[in-house]
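Peer 1: Encoded as structure tokens, here's the structure I'll be asking about.
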Amino acid sequence: MSDQIEELIREIASKHGIAVARDDPILVLQTINNRLLQDSAAAQQAQLDQFKEELEAVSLRWKADAKDKAERVVNAALAASKSAMDQILRDGAHATTSLLKSELERAFSSMASHAHEARRTALLNLAASCMTIFAVVISVWLLK
């Protein structure tokens with residue numbers, strides 16, 4: 001502090017050409033002014049520190065809010081994607097089922113017509129066998 005006062009006395013003497021003593025009232029004002037500047041700087045620093053803490057708190061709150069919103073968006077997208085995939089799988093299963101059903105109906109229809117034809121052939125064979133047996137019985141009876 002004494003170095004500052006000495007430096008100030010020299011500066012006043014060189015700029016203004018006035019000699020000032022250490023007990024001059026102007027130096028008292030300078031000391032008061034320096035003290036006020038220091039107190040003001042300390043108060044401003046305290047306010048800046050408080051502002052910094054508030055900004056950090058707001059930043060953390062915004063970060064948490066942004067994270068929550070991002071999670072909700074991702075979860076909604078996943079749910080929509082899952083729903084779309086389920087719908088596509090259901091549509092594919094229905095298409096496969098209807099295709100399989102139509103193929104089976106066509107195959108059963110073809111098999112039914114073949115079975116009907118085979119039954120008719122079997123009945124004709126049965127009638128022919130019965131006629132053959134009847135003819136054999138008649139021939140054996142006539143030959144006796």
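The values are calculated or read from the model by the stated rules, or taken from the named source; none is laboratory data. Note that the coordinates shown come from a computational prediction; the quantities given were computed from them, not determined experimentally. For neighbour counting, all protein chains shown are included, and Cβ atoms are generated from backbone atoms with ideal geometry for every residue, glycine included.
Peer 1: Inside segment 1-31, can you point out the residues that are loosely packed, with under 14 Cβ neighbours inside 10 Å and either in contact with a Gly (Cβ under 6 Å, 6 or more places away or on another chain) or of a type in the set (Asp, Glu) (or both)?
Peer 2: Asp3, Glu6, Glu7, Glu11, Asp23
Peer 1: Now, a different point. Taking the residues in segment 1-52 that are at pLDDT below 90 and of a type in the set (Lys, Arg) as candidates, determine which candidate is nearest to the chain's Cα centre (by Cα).
Peer 2: Quick first cut of segment 1-52, residues at pLDDT below 90 only: 1-35.
So of that shortlist, the ones also of a type in the set (Lys, Arg) come out as 10, 15, 22, 35.
Values: Arg10: 72, Lys15: 72, Arg22: 74, Arg35: 58 Å.
It comes out as Arg35.
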